[in-house]
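Structure, as structure tokens:
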Amino acid sequence: MTFYSNKFKYHIQNIRSEGRYREFFNIKRLADDFPLAVDPVTGKKIVMWCINDYLGMSRHPAVLEASLAALNAHGVGSGGTRNIGGNNNHIVELEKDLADLHNKESALVFTSGYVANDTTLSTLAKIMPEIVFFSDELNHASIIAGICNSRGEKHIYNHLDYQHLEELLKSVDINRPKIIVFESAYSMDGLFSPIKEIIELAKKYNALTFIDEVHTVGLYGTGGAGIAEMLGYASQIDIIQGTLAKAYGTIGGYITGNSEIIDAVRLTAPGFIFTTSLPPIIAAAARASILYLKSSSTEREKHQEVVKSVKESFKKANINYFNNNSHIIPIIIGDPVKAREASAMLLNRFGIYVQHINFPTVPKGTERLRIIPTPGHTPIMIQELTNALIEVFNSLDIKYQPQAA
């Protein structure tokens, strides 16, 4: 065992030496005081500036009420896979709501957004063994995993570069099945994909389109259907993938599309067939969140107001974040050690939690802090964050330069 222990120790030490060793920060979020949490060691309250519960829906009264009702009626677990005892009515209705949200014929729910991507993409190669994947170079790890697990032919196009994408499409027989896989908004830089141009290329070169909307569903578009819907292109996209774990405040992932695509994946995908289904308590909570945000724009509007206020505060203080049109506000540090130290200083000295992001989540040399505003962040919190960042950067001698999209 010593032989193997040394292997693991060596691997861990390499990560430490690169300054990217990660530790979990133990917190207790406060449902009645969003976006605050408590450090269970010190008992002190901290302000969360890095959570993906974008709208605070995890503690919304409608969501809590639905989940509690499902818990009391059905218990905690689902009891099995969808094919064997786990196909509860709440999931069936959730899939109908998701299909309606995206104006598609059908939907399929998975246990996470990661599983939705990985399983769907690898399964497409089982259904169409000759399929060729065209993927943006900065796509999610789950997309990369799905394409790699498919063992299919793949072409990686330069980030957001639809001209390079066309060059790659030209190189493949137009009669071969192919699919373009991209995200509506990229979570580390907050940039949007050129959706219109990608759709045009898909039509020109006989390709399917697969869009990952995990960081945009609930936040953009009519009823929260995402960027593609906001721009009027959702009907022209073949597969829309999303998550229930961010703006909707629960957990799970899904795909929507025409009934043939969804049914083919449902009948073929190992990551769906052999996985225990979401329990009724989660499916009911997700339904409540989706239905509420379809009818209420209050949270989305407030969210955008806070995002704008944070950016304006940073500009006024000459804190140079990566400029974009989204709700994601990255501050590039470019050094893994200083990024970690900045995060620790914000927490320990100011009670502000902003998790540093290092490789492999982002490329080496682009280590960063990523600010995630929510409707619950107040003007006082924004000013305190701004002041704290200035003091931390000065203390650590962080030389940050203006970053432009």
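Within the bounds of segment 297-310, is there any residue that is farther than 25 Å from Thr386 by Cα and at pLDDT 95 or above? So far as segment 297-310 goes, yes, one or more of its residues are farther than 25 Å from Thr386 by Cα and at pLDDT 95 or above. Residue pairs whose Cβ atoms lie under 6 Å apart, separated by 6 or more positions or on different chains, with the first residue in segment 255-267 and buried (at least 17 other Cβ atoms within 10 Å of the Cβ) and the second among the small types (Gly, Ala, Ser) and modelled with pLDDT of 95 or more, are Ile255/Ala116; Thr256/Ala99; Thr256/Ala107; Ile262/Ser106.
Within segment 166-187, does at least one residue satisfy the condition of being touching a residue at least 40 places away in the same chain (Cβ under 8 Å), under 16 Å from the mean Cα position of the chain (by Cα), more than 16 Å from Asp118 (Cα to Cα) and not in a loop (DSSP other than H, G, I, E, B)?
Filtering segment 166-187 down to residues touching a residue at least 40 places away in the same chain (Cβ under 8 Å) leaves 172, 176-187.
Now drop any that are not under 16 Å from the mean Cα position of the chain (by Cα), which leaves 181-187.
Among the residues that remain, those that are also more than 16 Å from Asp118 (Cα to Cα) are: 184-187.
So of that shortlist, the ones also not in a loop (DSSP other than H, G, I, E, B) come out as 185.
Checked segment 166-187: at least one residue is touching a residue at least 40 places away in the same chain (Cβ under 8 Å), under 16 Å from the mean Cα position of the chain (by Cα), more than 16 Å from Asp118 (Cα to Cα) and not in a loop (DSSP other than H, G, I, E, B).
Among the residues making up segment 44-69, those that are of a type outside the set (A, V, I, L, M) and either closer than 15 Å to Ile281 by Cα or part of a strand (DSSP E or B) (or both) are Lys45, Ser58, Arg59, His60, Pro61, Glu65, Ser67.
Has segment 237-244 got at least one residue that is modelled with pLDDT of 95 or more, within 18 Å of the chain's Cα centre (by Cα) and closer than 30 Å to Ile390 by Cα? Please lay out each step first, then the result.
The first filter runs over segment 237-244 and keeps only residues modelled with pLDDT of 95 or more, leaving 237-244.
With within 18 Å of the chain's Cα centre (by Cα) added as a condition, the list becomes 239-244.
Of the ones still in play, those that are also closer than 30 Å to Ile390 by Cα are none.
No, segment 237-244 has no match at all.
State whether one or more residues within segment 296-303 are of a type in the set (Val, Ile, Thr) and in contact with a helix residue (DSSP H, G or I) (Cβ under 9 Å, 6 or more places away or on another chain). Looking through segment 296-303, none of the residues is of a type in the set (Val, Ile, Thr) and in contact with a helix residue (DSSP H, G or I) (Cβ under 9 Å, 6 or more places away or on another chain).
Considering each residue of segment 237-283, count those that are among the charged types (D, E, K, R), in contact with an Asp or Glu (Cβ under 9 Å, 6 or more places away or on another chain) and not in a helix (DSSP H, G or I), and give that number.
Keep residues of segment 237-283 that are among the charged types (D, E, K, R), which gives 238, 246, 260, 263, 266.
Within this subset, residues satisfying the condition of being in contact with an Asp or Glu (Cβ under 9 Å, 6 or more places away or on another chain) are 246, 260.
If we keep only those that are not in a helix (DSSP H, G or I) too, we end up with 246.
Of the residues in segment 237-283, 1 are among the charged types (D, E, K, R), in contact with an Asp or Glu (Cβ under 9 Å, 6 or more places away or on another chain) and not in a helix (DSSP H, G or I).
Figure legend. Inter-residue proximity from segment 7-26: first residues closer than 22 Å to Val354 by Cα, second residues exposed (fewer than 11 other Cβ atoms within 10 Å of the Cβ), beta-carbon distance below 6 Å, spacing 6+ or different chains. Indicated pairs: Asn26/Pro40.
Among the residues making up segment 302-313, those that are among the charged types (D, E, K, R) and within 18 Å of Asn324 (Cα to Cα) are Glu305, Lys308, Lys311, Glu312.
Residues in segment 294-319 that are more than 18 Å from the chain's Cα centre (by Cα) and crowded, with 16+ Cβ neighbours inside 10 Å: Lys294, Glu299, Lys302, Val306, Ser309, Val310, Lys311, Ser313, Phe314, Ile319.
Return the residues of segment 127-154 that are of a type outside the set (Phe, Trp, Tyr), outside any helix (DSSP H, G or I) and closer than 25 Å to Pro270 by Cβ; say none if nothing qualifies.
At the first step, the residues of segment 127-154 found to be of a type outside the set (Phe, Trp, Tyr) are 127-132, 135-154.
Next, only the ones that are outside any helix (DSSP H, G or I) stay: 128-132, 135-140, 151-154.
Selection gives Met128, Pro129, Glu130, Ile131, Val132, Ser135, Asn139, His140, Arg151, Gly152, Glu153, Lys154.
Restricting attention to segment 316-334, does a residue exist that is in contact with an Asp or Glu (Cβ under 7 Å, 6 or more places away or on another chain) and within 30 Å of Val76 (Cα to Cα)? Working first, answer last.
Going residue by residue through segment 316-334, those that are in contact with an Asp or Glu (Cβ under 7 Å, 6 or more places away or on another chain) are 322, 324, 330, 333-334.
From what's left, within 30 Å of Val76 (Cα to Cα): none.
No, the conditions are met nowhere in segment 316-334.
Taken over segment 216-236, the criterion of being crowded, with 24+ Cβ neighbours inside 10 Å and touching a Phe, Trp or Tyr at 6+ places or on another chain (Cβ under 8 Å) is satisfied by Val217, Gly218, Leu219, Gly226, Glu229.
Out of Ile84, Ile91, report the one residue that is surrounded by fewer than 18 Cβ atoms within 10 Å (Cβ to Cβ) and either closer than 23 Å to Ala342 by Cα or not assigned by TED's automatic domain parsing to the domain that holds Thr386 (or both).
Details: Ile91 fails: surrounded by fewer than 18 Cβ atoms within 10 Å (Cβ to Cβ).
When all the criteria are applied, what remains is Ile84.
Of all residues in segment 50-66, those that are crowded, with 20+ Cβ neighbours inside 10 Å have Cβ atoms under 8 Å from Cβ atoms of residues that are among the basic types (Lys, Arg) and in a loop (DSSP other than H, G, I, E, B), 6 or more apart or on another chain, in Asp53/Lys246; Tyr54/Lys246. Asn348 falls short on exactly one of the conditions (1) of a type in the set (S, T, N, Q); (2) surrounded by 18 or more Cβ atoms within 10 Å (Cβ to Cβ); (3) assigned to a helix (DSSP H, G or I), and that condition is (2).
Looking at His159, His140, which is the one that is modelled with pLDDT under 95 and touching an Asp or Glu at 6+ places or on another chain (Cβ under 8 Å)? Steps first, answer last, please.
Numbers: His159 fails: modelled with pLDDT under 95.
The conditions single out His140.
When we screen Tyr254, Tyr248 for residues that are farther than 19 Å from Asn139 by Cα, hydroxyl-bearing (Ser, Thr, Tyr) and assigned by TED's automatic domain parsing to the domain that holds Leu68, the only hit is Tyr248.
Would you confirm, using the coordinates I've provided, whether Leu160 is assigned by TED's automatic domain parsing to the domain that holds Tyr233, in a helix (DSSP H, G or I), crowded, with 16+ Cβ neighbours inside 10 Å and not acidic (Asp, Glu)? Criteria not met by Leu160.
The values are calculated or read from the model by the stated rules, or taken from the named source; none is laboratory data. Small disclaimer: the values here were computed from a predicted structure and weren't measured. In this analysis, Cβ positions are derived from the backbone assuming ideal geometry, glycine residues included, and neighbour counts consider all displayed protein chains.
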